[in-house]
Structures are given as structure tokens and as C-alpha cells.
Amino acid sequence: MIKVLPFEEPIVQLKTKIEELKEYTASADVDMSAEIIHLEARLKKLEHEIYENMEPWDRVQVARHPSRPTTRDYIQLLCTDFMELHGDRLYGDDAAIIGGIALFEGRPITIIGHQRGIDTKENIKRNFGMPHPEGYRKALRLMKQAEKFKRPIICMIDTKGAYPGKAAEERGQSEAIARNLVEMAGLKVPVISIVIGEGGSGGALALGVANHIHMLENSTYSVISPEGAASILWKDASLAKQAAEAMKITAPDLKKMEIIDTVIQEVHGGAHKNIEAQAEYMKETLINSLIELEKLTPDELIENRYIKFKNIGEFNE
Amino acid sequence: MSIRDIFRKNQKKRYATIPTEKAKNDVPEGIMMKCPECRKNVFTKDLMKNLKVCPTCDHHMKMTAWERVDIFLDEDSFVSMDDHLETVNPLNFPSYTEKIKADGQKTGLNEAVLTGIGKLDGQQVAIAIMDSHFRMGSMGSVVGEKITRAVEKATELGIPFIIYTASGGARMQEGVLSLMQMAKTSVALRRHSDHGLLYISILTHPTTGGVSASFASVGDINIAEPKALIGFAGRRVIEQTVREKLPEDFQTAEFLMNHGQLDAIIHRKEMREKVASIVHLHTTKEVTK
């Protein structure tokens, strides 16, 4: 059973009603088909109304949906011959970030992403998709490997943030993130990042210094979670809904601010409703990005990234 | 009380002046300062002579950006840059603009970092000095832009870039724009580094969050002032997450040093000399007989 989000409840209620009527029609002699047709038309309209006018907080809910597809799901649907590579060669293998080599449309690529678990057991193993320094160092190792073999890099961003723990601090969480930012800036191959769920702060950005940044329509990218923002700014975490609006964290918001390149359309109600269809939407954007970026020389790619980030910021001169 | 009473030995004190609560803690404005660490009072004049280091416990107190210019660079060599950049309120946060204005008046800075070109023992350097008296030194668009421009200037002139960090992290009121300043400063530092130029990061109290997780941690040489608080996540957040008591020295400069995150911890009194020497080590090229 897929979890129903509060804002979709009217749709689910109507759907149940239609199902009931259908059952009734089938079992009893009364013909309710006219009624059913009428209600189905209303359902279509309602779905359109609700899914086309999602509030920021609704999108946050979808981005956090327990059934939302993860990096691994997209790798399976988009790529063939995926070979996962492990470890940072320094300390350990962080399961909160996965990465490896694969074929995308017949082209070898390196693909890396944050990895959440699908149940509690896996979430404990993967630390709820919140990496330690070794996760970022593994990601960087794979990026450098991609650069050597001239493979484009695709990064999938899906984390609440880098893990705030004692061991993480001891092993240099700050340095691991900072190093990725500086090293990604200098990569001689195309880098494409896609935010597929939650893009939480520095822990997300450490896979995000890309030539093209895309976001799924119902994903978020922010400096702090809406709950955190609400508790810092208004000393009340329950104001998260208002914070989600005020902080401008949704894909359409970031597109408006010209921070990201593309908002990738999602299937009605969110990517979890039809993963295959969602992967198709994503594939199209990725192919376009790759075609565009592969025309650039290594120097142009670095320059392109430089100009992209140099231009972000609002101030009066 | 008779006159005689005054000369009587072993007399019991019959009355005393009781200072008010306020007067007890009050130190005359400007003349004396209290060390936040050992709580001893110090004459401000003595403290300034001692580079704002407590003479009793050696605690390195916070400094303003201009105070650092005075003690770190050659006299009258500093020329500031980009003082005209103005912070805007991109997310329309209530009272954000007013807070920026107030801190501007308090510190005499346009934002939480002062940047420019100066000389260190005769050697030209580009420098950025963050000031935690301005919005906790947090990084918004203007802080990111000023640092980026200072790095670009260093690249253009082919000179070292030195930064003094002091920051609580990203500026919440500018949302994702402030997060992106981490990437912006990084792309500029990458270019500076690709030109074979020296970058020294001096971490001071406090350097946390997005600033610690970007430019502060990637100097060719990372130096800290003694006991400075340096870390990614806040202590309270970590305690709540891991549910265990953290060591006393957790996230101090000494803790980072022990865990291999720093090249050196240098006392404020020796900072100018040592950093100047590092810069010399990167410019002297020929063997002289």
C-alpha cells in the first residue's frame, strides 16, 4: 500500500467511491454506469486541479515519500551493464553513496548518487542516505577515474544532508565536502547533476558542481530543511510549511532564480506513481544535456562551470 | 555612633554598602573588558597591546576585520575592495534589510567580510577577513561575491590569497543562494590553484557549517588560532543525533590538529611572522650562494 499524502486525499476518496459504485453495479441489478462516468470525469478534473497546483509543502511531501524512486532505481532503468564500485581507498565504503560505471544509450558513463534505503533495515545500513566523509571521498575517486577515461559523469542528488556525527567530524566532513567542490570545478569531462528527491545543503552540493543541474519537478534543493529554517528563523519547527514557501526550495523556484537548468516533468502525483515513465522523462533530458556538453573541449567545460557558478548571487552593485 | 567607636579595635561592622546586581557586573564602558573564558577583567588598553589575547589564560578573543588588518599587514599597505556591494533581500524576509543596515553601522563594513590587497612583510597578497560581528559572519551573496572577486584579483595579479575565516555558516535568509556561494568561491579557488598560486586559510573562532565545508578547509596550508571552534555540524545537533557525550575538546583547533585536519596551530602573536615566512617559501626561487 502506497502512503497517501494529505493533499491527495480528495482524489483517493473519490477513487474509492467510484470503486464502490463499480462493485455495486457488478453485484446488484441497479445500473450506475451514468453516475460512474460522471464521477470519473470529475476525478480527472480534480486530479488536474490538485496536481497542477501543488504548493511547496506538497512537493516537500512528495520528495520525501517513502516509495519515491532512488538512485538505484534510476540506474537500473536508465543504464545497462552497471558495475558498482566500492570504497574510498582511505577508510571505508559508505553505503549512503553508490557509484560505478555503466552504459547509457550505449555510451560508457560514471554514475554516482546518494542512496536511501527502502525499508528500516536498509535505511540503517545506508544511514538514511546521509553520507560520512568516506562517501564523498569515494564519489571523488570515481569522478577522477571517470576523468582519466574521459567518461561523462552523472550525479543523482537525494539526501537530507551530510551526516552530523562524531565520527564524521573526526574524519573531516567539512574537508570532504569542500574538496569535492573544488575538485569538481576542475573536472575535464561533462558533469550533469540531477536532484531526484531532497537536496539538503552542503551534503547535496558535494555532488552538485556540475555543468548542467536538473531537478525533478517535485524535488527540493535548499540550504536547510524547512523544519530547521522554521526553528532558526521563528524558533518554531511546526512552521515548516510556511518556511517551505518562504525559503524557495522547489524546482520551479530554483528555475526562476536561474540556479538550475531544467525542471524535469514528473508523472502526475509524483515519480513513485510510475517509475518507468519517470525514467523516460529523465532520459530525454540527460541525452540532450550530454549531446550539448560533449561538443565542449575540456577547457570549455571548466570555463562553463566557472561562469555558471560565478553568476549565482543577488546584490546591488 | 560616637567618635570613640571609630577607634575601637575588633569592632563589628555595622553597615556596608551593598552594590546593586547591575553594578556588580558592570565594568566601566571601554576601560576594562572581561575575558569570556577565565572571567578576569583586563584593561582594554593592555588587551589591545596583547592583540586581544587574554594575559591570564591566553584566550584568543574575537577580532574585528579592521583590527586584523592592523596587526597582520604592513602599515598603511591595505587597500580594500568592493565596499560598494550591497546586500538585497532576495526572499523578502521580514526585517532582514534592517538587520544588515544595523550591523553595517555597528561594524563599518558593507558585509561580513573585508577584502582587499595589502602587503605582508613587503610581499603583495590578496586577503579576505571575515568578521563575526556582522551577522555572525554568515555567508550570503555579497560575502560570496567579495571573496570570489578577491580570489580572482589574486589570480589576475599572480599573488597569494590569504583568508581569515570566522563564520557561523550559510546565511539562512538568502536560502539556496547562500548555499551556492560555497560552489562559487570554490570554482574561483580552483582557477587560482591551477595557476600554481598559494592559498592560505587561517581558521579563527568560530568557523562552522557552509564556510568550514568550503573555502576554509581547502587551503594549500590550513592554519588555526588556538582553541578556535571549527566544525561542520553544531555540537548540539550532533549530541542529539548520536546520543552520547562528546569530548570536551570536540571541534576545537586542537581536536582537528589531532585528527589530521590542520597543518598548524599558531598563536596570534606569531601569526604575521609565520605566515609571511610561508609566503616567502613560495616565492623565493633561486639558490643563492
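Coordinate-derived values only; no laboratory data. Since the structure is predicted, the reported quantities are computational estimates derived from the model, not experimental observations. Quick reminder, even Gly has a Cβ in these numbers, built from the backbone with ideal geometry, and neighbours come from all protein chains shown.
Across the range A:140-220, the mean sequence separation of Cα contacts (distance under 8 Å, 6 or more residues apart), normalised by length, yields a relative contact order of 39 percent.
Kindly identify the range A:180-296 as rounded, prolate or oblate by the Cα gyration tensor criterion: order the square roots of the eigenvalues as a ≥ b ≥ c, call it rounded if a/c is under 1.5, otherwise compare a/b with b/c, prolate if a/b is larger, else oblate. The shape class here is oblate. Shown here: the range A:156-233, whose C-alpha atoms stretch 40, 35, 18 Å along the first, second and third principal axes, sorted largest to smallest.
Taking every pair of distinct Cα atoms and averaging 1/r, then inverting, what Kirkwood hydrodynamic radius in Å comes out for the range B:115-189?
12.6
Taking amide H as placed 1.01 Å from N in the peptide plane, the amide H of A:Gly161 sits under 5 Å from that of A:Gly200, each at least 5 places away or on another chain.
For the protein assembly as shown, the fraction of C-alpha pairs farther apart than 31 angstrom is 55 percent.
Taking N as the residue count of chain A, its C-alpha radius of gyration divided by 2.2 N^0.38 Å amounts to 1.09.
Taking the convex hull of the Cα atoms, report for the range A:20-98 its projected area averaged over all directions, in nm². Present the calculation step by step, with values, prior to reporting the outcome.
Working: hull surface 40.9 nm².
Average projection, Cα convex hull of the range A:20-98: 10.2 nm².
Once you reduce the range A:217-235 and the range A:62-125 to the center of their Cα atoms, the two points are 25 Å from each other.
In whole angstrom, how far apart do the alpha carbon centroids of the range A:159-192 and the range B:248-264 sit? Cα centres, the range A:159-192 to the range B:248-264: 19 Å. For A:Ile194, nonlocal amide neighbours, meaning residues 5 or more places apart or on other chains whose placed amide H falls under 5 Å from its own, are A:Cys155, A:Met156, A:Ile157, A:His214. Taking amide H positions as placed 1.01 Å from N in the peptide plane, with prolines and chain starts having none, which residues 5 or more places from B:Ser167, or on another chain, fall under 5 Å of its amide H? The list, which skips near neighbours in sequence, is B:Thr207, B:Thr208.
If you sort the three axes of the alpha carbon gyration tensor as a ≥ b ≥ c, you get a/c of 1.5 or more for the range A:242-317 and a/b no higher than b/c, which makes it oblate. Here the range A:97-221 is treated as an ellipsoid with the same Cα gyration tensor; its semi-axes, largest first and in whole Å, are 22, 17, 14. Reported to the nearest whole Å, the Cα centre-to-centre distance from the range B:87-130 to the range A:127-157 is 35.
Derived value for the range B:62-282: Kirkwood hydrodynamic radius 17.6 Å. Basis is the mean of 1/r over every pair of different alpha-carbon atoms.
Note on the range B:165-277: Cα Rg divided by 2.2 N^0.38 Å, N the number of residues, gives 1.13.
Averaged over every viewing direction, what's the projected area of the C-alpha convex hull for the range B:43-150? Give it in nm², one decimal, please. Mind dumping the intermediate values first?
On the way: hull surface 32.1 nm².
Computed as one quarter of the Cα hull surface, the answer is 8.0 nm².
Comparing A:Gly197, A:Gly117, A:Gly106 in a Gaussian network model of chain A, where Cα atoms under 10 Å apart are tied by springs, the biggest mean-square fluctuation is seen for A:Gly106. Considering only A:Val182, A:Val263, A:Val62, the mean-square fluctuation computed in a Gaussian network model of chain A, springs between alpha carbons under 10 angstrom, is largest for A:Val182. In this Cβ point-charge picture (+1 for Lys and Arg, -1 for Asp and Glu), the protein assembly as shown has a dipole of about 2940 debye about its Cα centre.
Within the shell of other residues whose beta carbon sits under 13 angstrom from the beta carbon of B:Gly108, the net charge comes to -3, with Lys and Arg scored +1 and Asp and Glu -1.
Inter-label distance, B:Lys106 to A:Lys148: 5.1 nm, where each label sits 7 Å from its Cα along the C-beta direction.
Placing unit charges on the Cβ atoms of the charged side chains and taking the dipole of the protein assembly as shown about its Cα centre, the candidate lying farthest along the positive direction among B:Gln261, A:Tyr51, A:Met83 is B:Gln261. Backbone phi angles across the range B:188-193, fed through the Karplus curve with coefficients 6.51, -1.76 and 1.60 (θ = phi - 60°), yield HN-Hα couplings of 5, 5, 4, 5, 4, 5 Hz in residue order; Gly and Pro are listed as x. When its C-alpha radius of gyration is set against 2.2 N^0.38 Å (N residues), the range B:217-279 gives a value of 1.31. Between A:Met215, A:Tyr281, A:Gln13, the Cα set farthest toward the positive side of the dipole of chain A (charges on each charged residue's Cβ, about the Cα centre) is that of A:Met215.
Debye-formula intensities of the range A:6-53, expressed as log10 I(q)/I(0) at q = 0.14, 0.18 Å⁻¹, are -0.37, -0.55 (one equal scatterer per alpha-carbon, no solvent). Between A:Glu55 and A:Lys235, the FRET efficiency from the beta-carbon distance, with R0 = 30 Å, is close to 0.80.
A simple charge model with +1 on the Cβ of Lys and Arg, -1 on the Cβ of Asp and Glu and nothing else charged puts the dipole of chain B at about 1680 debye relative to its Cα centre.
Here the Kirkwood formula puts the hydrodynamic radius of the range A:44-160 at 15.5 Å, using every distinct Cα pair.
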